[in-house]
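So the structure is just underneath, and the comments pick up after that.
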Amino acid sequence: MDYTSYLRLPQLLSNQQMESAKHGVPAHDEMLFIVIHQTYELWFKQILFELDLIQEIFGGTRVDDADLGRAVHAAERIVKIEQLLVGQIDILETMTPMDFLEFRNLLMPGSGFQSEQFRLIEVRLGLKRDARLAFNGASFDASLTEDARKRVVATEAAPSLRDQVDAWLSRTPFVDMGGFHFREAFAAALDKMLSQDMDLIQAHPHLGAAEKELQLASLRNSRAMFDGLLDDKRYTELQAQGAWVFSRRALQAALFLFLYRDEPAANAAFRMLKALMDMDEMLALWRMRHALMVSRMLGRKVGTGGSAGFDYLRATADKHRAYNDLFAIATFLIPRSALPALPDEVRKSMRYRYEQST
Ligand code: HEM
């Protein structure tokens, strides 16, 4: 075994073939363009590899504590990779639009729309077909090869990580344990906090009537949203309006884990939810950076894949999110000091302690 053969460097390093050179007009920046895209695809491969592990762990009917730690670790690794992927845009932006024009036409009709691995990442994280933005009347997988499309469709038919996390959260104990019902205990604490906030706003010396009404309406809205978490029928209506995607049980459990994250039994689960939010945020950031880069490269031109270019890509940063629900939970968070105390039975089952040996 040696470095060169282990890494298959002769094959790897002979895979950067500049189209411009083939046409007898070598464009210096095309090498960077190829290397950047290839490294993206390598990192996509690693992300999918980490998702294999995470989805295997979440795929069963129970998630073992030790395995949850491994899943969190893999999820946090994905976040780090995504940070790198956002950073790579800085390097590509050293290519100016005019340098890009030297070879852009040679790429037609090649496009990022043809990246199978990118679509697989989106689908496996939980982005659903009907939640996607339409572009040019084409479906998002129309540009893929027949084989790649089949693999994407098969992946869509399998549970996504979001589906698996939903099922896992729905099984969270502690939320209803013995005589303890988290929803009721928390509703009382939330009401107390909201009414204190309302008093504060109403008595505020520097807020005008219109500003007060705006703030009060926002608090009333938070309470109405929370009502939805308490009532099945209301929740189904909210889900139909697109306000929530996760199941009601899963959301209640996620709220519980956010609030009681300091209890040892909630800690790893909270880190997993945080990693999912980080992943979602990083991907949104990549979409936005990519869109801005596209706007500086192409201006208002349409993409080689036929989309509206910048406008479409910018809108995906907002709409193509798989874990929005976890972000929305912040609507209901209250300070630690206002948290209802957990009954002994629940607290004991969430903690471990080491007895002193005699
Ligand atoms: C000069 C640099 C780039 C330009 C001008 C550019 C342009 C575009 C455009 C216009 C689209 C919309 C689809 C279309 O109509 O073709 C697109 C989509 C896409 N591009 Fe790029 N791109 C660039 C670099 C990259 C890089 C480095 C990657 C890394 C993998 C990438 C990955 C993608 C992906 C995955 C999509 C699909 C996004 C989605 O549908 O949400 N692009 N690109």
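Throughout, read-outs are computed from the coordinates displayed, never taken from laboratory work. Nothing here was measured: the structure is a model prediction, and the numbers come from that model. Please note: Cβ atoms are built from the backbone with ideal geometry, for glycine as well, and neighbour counts cover all protein chains shown.
Tell me yes or no: at least one residue of the stretch 238-259 is within 19 Å of residue 166 (Cα to Cα) and among the basic types (Lys, Arg).
Among the residues of the stretch 238-259, at least one is within 19 Å of residue 166 (Cα to Cα) and among the basic types (Lys, Arg), which makes the answer yes.
Got at least one residue in the stretch 160-176 being among the aromatic types (Phe, Trp, Tyr), surrounded by 15 or more Cβ atoms within 10 Å (Cβ to Cβ) and more than 30 Å from residue 56 (Cα to Cα)?
Within the stretch 160-176 (the criterion being among the aromatic types (Phe, Trp, Tyr), surrounded by 15 or more Cβ atoms within 10 Å (Cβ to Cβ) and more than 30 Å from residue 56 (Cα to Cα)), the answer is no, since none of the residues qualifies.
It is to be established whether one or more residues within the stretch 273-292 are more than 16 Å from the ligand (Cβ to nearest atom) and closer than 21 Å to residue 189 by Cβ.
Yes: the stretch 273-292 contains one or more residues that are more than 16 Å from the ligand (Cβ to nearest atom) and closer than 21 Å to residue 189 by Cβ.
Residue-by-condition table, conditions (1) crowded, with 19+ Cβ neighbours inside 10 Å; (2) over 23 Å from residue 46 (Cβ atoms); (3) not acidic (Asp, Glu):
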{"residue": "127", "(1), (2), (3)": "yes, no, yes"}
{"residue": "139", "(1), (2), (3)": "no, yes, yes"}
{"residue": "155", "(1), (2), (3)": "no, no, yes"}
{"residue": "158", "(1), (2), (3)": "no, no, yes"}
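Of the conditions (1) of a type outside the set (Asp, Glu); (2) near the ligand (Cβ under 8 Å from one of its atoms); (3) closer than 16 Å to residue 163 by Cβ, residue 120 fails just one. Which one is it?
For residue 120, the exception is condition (2).
Are any of the residues in the stretch 318-326 within 16 Å of the ligand (Cβ to nearest atom), surrounded by fewer than 20 Cβ atoms within 10 Å (Cβ to Cβ) and without any contact (Cβ under 8 Å) to a residue 24 or more places away in the chain?
Scanning the stretch 318-326, I find no residue that is within 16 Å of the ligand (Cβ to nearest atom), surrounded by fewer than 20 Cβ atoms within 10 Å (Cβ to Cβ) and without any contact (Cβ under 8 Å) to a residue 24 or more places away in the chain, so the answer is no.
Select from the stretch 38-76 the residues that are part of a helix (DSSP H, G or I), acidic (Asp, Glu) and more than 16 Å from the ligand (Cβ to nearest atom) and list them in ascending order. Quick ask: steps written out before the conclusion?
Within the stretch 38-76, the first condition is being part of a helix (DSSP H, G or I), and the residues that meet it are 38-59, 65-76.
Filter again for acidic (Asp, Glu), leaving 41, 50, 52, 56, 65, 67, 76.
Of everything in the stretch 38-76, those that are part of a helix (DSSP H, G or I), acidic (Asp, Glu) and more than 16 Å from the ligand (Cβ to nearest atom) turn out to be 50, 52, 56, 65, 67, 76.
Residue 25 passes all but one of (1) in contact (Cβ under 8 Å) with a residue 40 or more places away in the chain; (2) surrounded by 12 or more Cβ atoms within 10 Å (Cβ to Cβ); (3) more than 16 Å from the ligand (Cβ to nearest atom); (4) under 30 Å from residue 282 (Cβ atoms); which number fails?
(4) is the only condition that residue 25 fails.
What is the number of the single condition among (1) more than 23 Å from residue 116 (Cβ to Cβ); (2) more than 23 Å from the chain's Cα centre (by Cα) that residue 302 does not meet?
Every listed condition holds for residue 302 apart from (1).
So residue 111 fits all but one of (1) within 12 Å of the ligand (Cβ to nearest atom); (2) surrounded by fewer than 13 Cβ atoms within 10 Å (Cβ to Cβ); what number is the exception?
Looking at each condition in turn, residue 111 falls short on (2).
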